[in-house]
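Peer 1: Next up is a structure, given as C-alpha coordinates.
The values are calculated or read from the model by the stated rules, or taken from the named source; none is laboratory data. Not measured: the values here are computed from a predicted model. Neighbour counts run over all protein chains shown; Cβ positions are idealised from the backbone, glycine included. Keep in mind that these areas ignore ligands, DNA and RNA; they rest on the heavy atoms of the full protein, side chains included. Shrake-Rupley method; radii C 1.70, N 1.55, O 1.52, S 1.80 Å.
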Amino acid sequence: MKIFQLPEHPLALIFDMDGTLYTHDEYMRSQIDLPVKKLAALQGKSFAEMQKLIKDYQDDWSAQHSGKGISLGNTFKNFDVSIEESIRWREMLYEPERYLTRDPQLCETLRVLAASCKLAVVTNNPVSIARRTLACLGADEYIPLVIGLDTCKVSKPHEAPFRRAAKLCGAPINACIAVGDRYEIDISLPLEMGMGGILVDGVKDVYELPYIHTSFT
Ligand SMILES: [Mg+2]
(Lines give C-alpha, C1' and ligand atoms only; values in the text may rest on other atoms or scores of the structure.)
Protein backbone atom coordinates (compact mmCIF):
# COMPACT_ATOMS: atom_id res chain seq x y z
CA MET A 1 0.00 0.00 0.00
CA LYS A 2 1.18 3.53 -0.75
CA ILE A 3 -0.45 6.55 0.83
CA PHE A 4 -0.44 10.06 -0.68
CA GLN A 5 -1.44 13.46 0.83
CA LEU A 6 -4.37 12.31 2.99
CA PRO A 7 -6.77 15.04 4.10
CA GLU A 8 -6.95 15.80 7.81
CA HIS A 9 -10.71 15.22 7.85
CA PRO A 10 -11.72 12.87 5.03
CA LEU A 11 -15.40 12.93 4.06
CA ALA A 12 -15.48 10.59 1.06
CA LEU A 13 -13.64 7.47 -0.07
CA ILE A 14 -13.82 6.92 -3.83
CA PHE A 15 -12.94 3.31 -4.63
CA ASP A 16 -11.91 1.70 -7.84
CA MET A 17 -13.72 -1.64 -8.23
CA ASP A 18 -11.69 -4.30 -10.06
CA GLY A 19 -8.46 -5.33 -8.38
CA THR A 20 -9.34 -3.06 -5.46
CA LEU A 21 -12.55 -4.27 -3.78
CA TYR A 22 -11.78 -7.83 -4.87
CA THR A 23 -8.70 -9.69 -6.07
CA HIS A 24 -9.32 -12.43 -8.63
CA ASP A 25 -6.75 -12.88 -11.40
CA GLU A 26 -8.91 -15.14 -13.57
CA TYR A 27 -11.91 -12.79 -13.57
CA MET A 28 -9.66 -9.77 -14.17
CA ARG A 29 -8.01 -11.61 -17.09
CA SER A 30 -11.42 -12.42 -18.59
CA GLN A 31 -12.29 -8.71 -18.59
CA ILE A 32 -9.42 -8.07 -21.00
CA ASP A 33 -9.51 -11.31 -23.00
CA LEU A 34 -13.26 -11.44 -23.76
CA PRO A 35 -13.55 -8.02 -25.46
CA VAL A 36 -10.22 -8.58 -27.27
CA LYS A 37 -11.57 -11.92 -28.60
CA LYS A 38 -14.75 -10.17 -29.75
CA LEU A 39 -12.75 -7.42 -31.46
CA ALA A 40 -10.51 -10.04 -33.12
CA ALA A 41 -13.56 -11.88 -34.50
CA LEU A 42 -15.03 -8.60 -35.82
CA GLN A 43 -11.82 -7.61 -37.55
CA GLY A 44 -11.13 -11.11 -38.95
CA LYS A 45 -7.95 -11.56 -36.91
CA SER A 46 -6.75 -14.28 -34.56
CA PHE A 47 -6.86 -13.63 -30.81
CA ALA A 48 -3.02 -13.63 -30.71
CA GLU A 49 -2.83 -11.08 -33.57
CA MET A 50 -5.33 -8.80 -31.85
CA GLN A 51 -3.50 -9.11 -28.51
CA LYS A 52 -0.28 -8.05 -30.22
CA LEU A 53 -1.90 -5.08 -31.99
CA ILE A 54 -3.36 -3.88 -28.71
CA LYS A 55 -0.13 -4.37 -26.78
CA ASP A 56 1.84 -2.52 -29.49
CA TYR A 57 -0.65 0.38 -29.42
CA GLN A 58 -0.54 0.57 -25.61
CA ASP A 59 3.28 0.41 -25.57
CA ASP A 60 3.50 3.20 -28.18
CA TRP A 61 0.98 5.33 -26.30
CA SER A 62 2.90 4.83 -23.07
CA ALA A 63 6.22 5.76 -24.72
CA GLN A 64 4.65 8.99 -26.01
CA HIS A 65 3.11 9.85 -22.62
CA SER A 66 6.05 9.60 -20.18
CA GLY A 67 5.41 5.94 -19.36
CA LYS A 68 1.75 6.43 -18.36
CA GLY A 69 -0.81 3.66 -18.89
CA ILE A 70 -3.98 3.80 -20.99
CA SER A 71 -7.27 2.09 -20.13
CA LEU A 72 -8.74 -0.66 -22.28
CA GLY A 73 -11.77 1.55 -23.08
CA ASN A 74 -9.54 4.34 -24.40
CA THR A 75 -7.39 1.79 -26.26
CA PHE A 76 -10.48 0.35 -27.97
CA LYS A 77 -11.47 3.81 -29.25
CA ASN A 78 -8.35 3.63 -31.46
CA PHE A 79 -9.70 0.36 -32.92
CA ASP A 80 -13.04 1.97 -33.86
CA VAL A 81 -14.91 0.70 -30.80
CA SER A 82 -16.75 3.66 -29.26
CA ILE A 83 -17.21 4.01 -25.50
CA GLU A 84 -20.94 3.25 -26.04
CA GLU A 85 -19.99 0.00 -27.83
CA SER A 86 -17.47 -0.87 -25.07
CA ILE A 87 -20.26 -0.45 -22.52
CA ARG A 88 -22.55 -2.84 -24.44
CA TRP A 89 -19.79 -5.43 -24.86
CA ARG A 90 -18.93 -5.40 -21.19
CA GLU A 91 -22.58 -5.73 -20.15
CA MET A 92 -22.87 -8.71 -22.50
CA LEU A 93 -19.55 -10.46 -21.78
CA TYR A 94 -18.64 -10.01 -18.11
CA GLU A 95 -19.87 -12.51 -15.51
CA PRO A 96 -18.81 -11.59 -11.96
CA GLU A 97 -21.18 -14.28 -10.63
CA ARG A 98 -18.96 -16.99 -12.15
CA TYR A 99 -15.94 -15.94 -10.11
CA LEU A 100 -16.79 -13.91 -7.01
CA THR A 101 -18.37 -14.80 -3.69
CA ARG A 102 -19.32 -12.97 -0.51
CA ASP A 103 -16.38 -11.32 1.29
CA PRO A 104 -17.28 -10.85 4.98
CA GLN A 105 -13.99 -9.06 5.76
CA LEU A 106 -14.65 -6.50 3.03
CA CYS A 107 -18.21 -5.99 4.28
CA GLU A 108 -17.00 -5.38 7.83
CA THR A 109 -14.30 -2.98 6.57
CA LEU A 110 -16.81 -0.97 4.54
CA ARG A 111 -19.27 -0.95 7.44
CA VAL A 112 -16.59 0.63 9.67
CA LEU A 113 -15.49 3.16 7.01
CA ALA A 114 -19.09 4.13 6.19
CA ALA A 115 -19.52 5.38 9.76
CA SER A 116 -17.17 8.34 9.09
CA CYS A 117 -17.12 8.72 5.27
CA LYS A 118 -19.39 8.54 2.25
CA LEU A 119 -18.34 5.59 0.09
CA ALA A 120 -18.46 5.59 -3.72
CA VAL A 121 -17.12 3.49 -6.58
CA VAL A 122 -15.69 5.04 -9.75
CA THR A 123 -15.15 2.31 -12.33
CA ASN A 124 -14.35 1.92 -16.01
CA ASN A 125 -17.01 -0.79 -16.13
CA PRO A 126 -20.70 -0.06 -16.65
CA VAL A 127 -22.71 0.65 -13.48
CA SER A 128 -24.70 -2.59 -13.94
CA ILE A 129 -21.51 -4.71 -13.85
CA ALA A 130 -20.19 -2.85 -10.80
CA ARG A 131 -23.55 -3.34 -9.01
CA ARG A 132 -23.53 -7.08 -9.85
CA THR A 133 -19.93 -7.26 -8.61
CA LEU A 134 -20.81 -5.56 -5.32
CA ALA A 135 -23.81 -7.90 -4.95
CA CYS A 136 -21.52 -10.96 -5.40
CA LEU A 137 -19.22 -9.60 -2.66
CA GLY A 138 -22.19 -8.90 -0.37
CA ALA A 139 -21.09 -5.24 -0.25
CA ASP A 140 -23.92 -3.60 -2.20
CA GLU A 141 -25.57 -1.99 0.83
CA TYR A 142 -22.38 -0.18 1.94
CA ILE A 143 -21.72 1.62 -1.36
CA PRO A 144 -24.75 3.63 -2.46
CA LEU A 145 -22.93 5.54 -5.21
CA VAL A 146 -21.49 3.94 -8.33
CA ILE A 147 -20.13 6.09 -11.17
CA GLY A 148 -19.51 3.89 -14.20
CA LEU A 149 -18.28 4.16 -17.76
CA ASP A 150 -21.92 4.80 -18.77
CA THR A 151 -22.39 7.65 -16.24
CA CYS A 152 -20.01 10.22 -17.77
CA LYS A 153 -19.13 8.28 -20.99
CA VAL A 154 -15.44 8.74 -20.31
CA SER A 155 -12.83 6.31 -19.08
CA LYS A 156 -10.53 6.92 -16.11
CA PRO A 157 -8.19 8.74 -15.83
CA HIS A 158 -10.59 11.65 -16.45
CA GLU A 159 -11.72 14.36 -14.03
CA ALA A 160 -15.44 14.04 -14.81
CA PRO A 161 -16.24 10.80 -12.92
CA PHE A 162 -14.15 11.86 -9.91
CA ARG A 163 -15.84 15.28 -9.76
CA ARG A 164 -19.24 13.59 -10.10
CA ALA A 165 -18.41 11.21 -7.25
CA ALA A 166 -17.24 14.03 -4.97
CA LYS A 167 -20.37 16.06 -5.72
CA LEU A 168 -22.74 13.13 -5.11
CA CYS A 169 -20.91 12.43 -1.83
CA GLY A 170 -21.40 16.10 -0.88
CA ALA A 171 -17.66 16.39 -0.24
CA PRO A 172 -15.19 19.05 -1.37
CA ILE A 173 -12.46 17.65 -3.61
CA ASN A 174 -9.80 18.13 -0.95
CA ALA A 175 -11.78 15.99 1.53
CA CYS A 176 -11.90 13.00 -0.83
CA ILE A 177 -9.51 10.05 -1.04
CA ALA A 178 -9.21 7.95 -4.19
CA VAL A 179 -8.41 4.28 -3.55
CA GLY A 180 -7.30 2.00 -6.38
CA ASP A 181 -4.85 -0.61 -7.63
CA ARG A 182 -3.46 1.25 -10.69
CA TYR A 183 -1.54 4.45 -10.00
CA GLU A 184 -1.92 5.99 -13.46
CA ILE A 185 -5.61 5.12 -13.82
CA ASP A 186 -6.93 5.56 -10.27
CA ILE A 187 -4.57 7.77 -8.25
CA SER A 188 -2.40 10.14 -10.30
CA LEU A 189 -5.20 12.41 -11.58
CA PRO A 190 -7.12 12.60 -8.26
CA LEU A 191 -3.86 13.72 -6.61
CA GLU A 192 -3.46 16.48 -9.22
CA MET A 193 -7.09 17.50 -8.56
CA GLY A 194 -6.32 17.86 -4.84
CA MET A 195 -7.68 14.59 -3.48
CA GLY A 196 -5.73 12.20 -1.31
CA GLY A 197 -4.80 8.84 -2.76
CA ILE A 198 -4.19 5.29 -1.60
CA LEU A 199 -2.61 2.80 -3.97
CA VAL A 200 -3.52 -0.73 -2.91
CA ASP A 201 -2.13 -4.09 -3.87
CA GLY A 202 -5.52 -5.80 -3.91
CA VAL A 203 -8.37 -6.13 -1.44
CA LYS A 204 -6.09 -7.28 1.40
CA ASP A 205 -4.85 -3.68 1.63
CA VAL A 206 -8.43 -2.38 1.71
CA TYR A 207 -8.97 -4.46 4.88
CA GLU A 208 -6.27 -2.28 6.52
CA LEU A 209 -7.88 1.09 5.68
CA PRO A 210 -9.74 1.54 8.99
CA TYR A 211 -6.32 1.60 10.74
CA ILE A 212 -4.56 4.18 8.57
CA HIS A 213 -6.43 7.33 9.61
CA THR A 214 -7.61 8.31 13.07
CA SER A 215 -10.92 9.59 11.75
CA PHE A 216 -11.87 6.13 10.38
CA THR A 217 -12.29 4.41 13.73
MG1 LIG B 1 -8.60 -1.63 -10.82
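Peer 1: So residue 41 passes all but one of these: (1) more than 16 Å from the ligand (Cβ to nearest atom); (2) open to solvent by less than 70 Å² (accessible area, probe 1.4 Å); (3) of a type in the set (Gly, Ala, Ser). Which condition number does it fail?
Peer 2: If we test residue 41 against (1) more than 16 Å from the ligand (Cβ to nearest atom); (2) open to solvent by less than 70 Å² (accessible area, probe 1.4 Å); (3) of a type in the set (Gly, Ala, Ser), just (2) comes out false.
Peer 1: For segment 1-26, enumerate the residues that are in contact with a Leu (Cβ under 6 Å, 6 or more places away or on another chain) and loosely packed, with under 14 Cβ neighbours inside 10 Å.
Peer 2: Passing the criteria: only 2.
Peer 1: Further question: Report, ordered by the first and then the second residue, all pairs with beta carbons closer than 7 Å, sequence separation of six or more or different chains, a first member in segment 32-45 that is more than 10 Å from residue 93 (Cα to Cα), and a second member that is not in a helix (DSSP H, G or I).
Peer 2: Pairs that qualify, where the first residue is more than 10 Å from residue 93 (Cα to Cα) and the partner is not in a helix (DSSP H, G or I), are 39/79; 39/81; 40/46.
Peer 1: Something else: Provide a single number: the residues in segment 137-175 that are surrounded by fewer than 21 Cβ atoms within 10 Å (Cβ to Cβ), in a helix (DSSP H, G or I), touching a helix residue (DSSP H, G or I) at 6+ places or on another chain (Cβ under 7 Å) and not hydroxyl-bearing (Ser, Thr, Tyr).
Peer 2: Going through segment 137-175 one residue at a time, the tally reaches 7.
Peer 1: Tally time: how many residues in segment 107-142 are among the hydrophobic types (A, V, I, L, M, F, W, C) and within 15 Å of the ligand (Cβ to nearest atom)?
Peer 2: So the count comes out to 7.
Peer 1: For residues that are more than 12 Å from the ligand (Cβ to nearest atom) and more than 16 Å from residue 161 (Cβ to Cβ), tally how many sit in segment 175-210.
Peer 2: 9
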